[in-house]
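S.K.: The structure under discussion is supplied below as structure tokens; questions concerning it will follow.
Only the coordinates and a few stated rules stand behind these numbers; no lab work does. Values in this document were obtained by computation on a predicted structure and should not be read as measured data. Here the Cβ positions follow ideal geometry from the backbone for every residue, glycine too, while neighbour counts run over all protein chains shown.
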Amino acid sequence: MQEYRKKVLQDLVERKNIGELDGYQLFDMIVAKWGVPYGVELRRMDFAGKKLLYINVMWKYLGQQSFPLNERQYLEHLEYISRKLVQWGKVADFKKDLTECRKKPNAYFGYAVSFNVPVSEAEIDQFVEDARISREEDE
């Protein structure tokens with residue numbers, strides 16, 4: 001089964017242009033890698049005075065009773081994340097990291113799998129500001 005999943009994931013990574021990604025393809029890549037559509041989040045962190053951005057693949061997944069999104073919301077969220085990766089030109093890096101990752105999200109320990117998104121601090125600041133404005137509009 002692991003070999004099959006590796007083959008499917010590799011096919012998905014190579015299927016489209018290396019710089020392209022959409023929400024459906026991101027969904028397919030996550031399911032091919034781990035067997036379920038885990039939640040995905042963009043997270044900003046400060047470490048040693050430097051701003052960093054990560055994609056966290058969380059331990060909750062679509063279909064689980066405690067998962068906070070329905071299918072439509074989940075796919076819209078994946079589309080947003082994939083568009084950000086395309087905008088920052090980090091699709092190839094993310095696909096490579098996902099393919100090579102040996103970790104798995106773990107609900108028992110509350111363990112997420114993190115992927116660094118190496119973007120400039122200015123791009124991180126813009127992302128945070130856009131997210132803040134979006135939250136204010138939703139309220």
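S.K.: In region 21-62, what count of residues is obtained for those that are assigned to a loop (DSSP other than H, G, I, E, B), within 16 Å of Ala107 (Cα to Cα), out of contact with any helix residue (DSSP H, G or I) (no Cβ under 6 Å at 6 or more places or on another chain) and aliphatic (A, V, I, L, M)?
M.R.: 1
S.K.: Sticking with this structure for a sec: Could you list all residues from region 30-54 that are over 11 Å from the mean Cα position of the chain (by Cα) and under 22 Å from Ala131 (Cβ atoms)?
M.R.: Answer for region 30-54, where residues must be over 11 Å from the mean Cα position of the chain (by Cα) and under 22 Å from Ala131 (Cβ atoms): Arg44, Met45, Asp46, Phe47, Gly49, Lys50, Lys51, Leu52, Leu53.
S.K.: Among (1) in a helix (DSSP H, G or I); (2) hydroxyl-bearing (Ser, Thr, Tyr); (3) farther than 14 Å from Gly23 by Cα, which single condition is Ser82 missing?
M.R.: (3)
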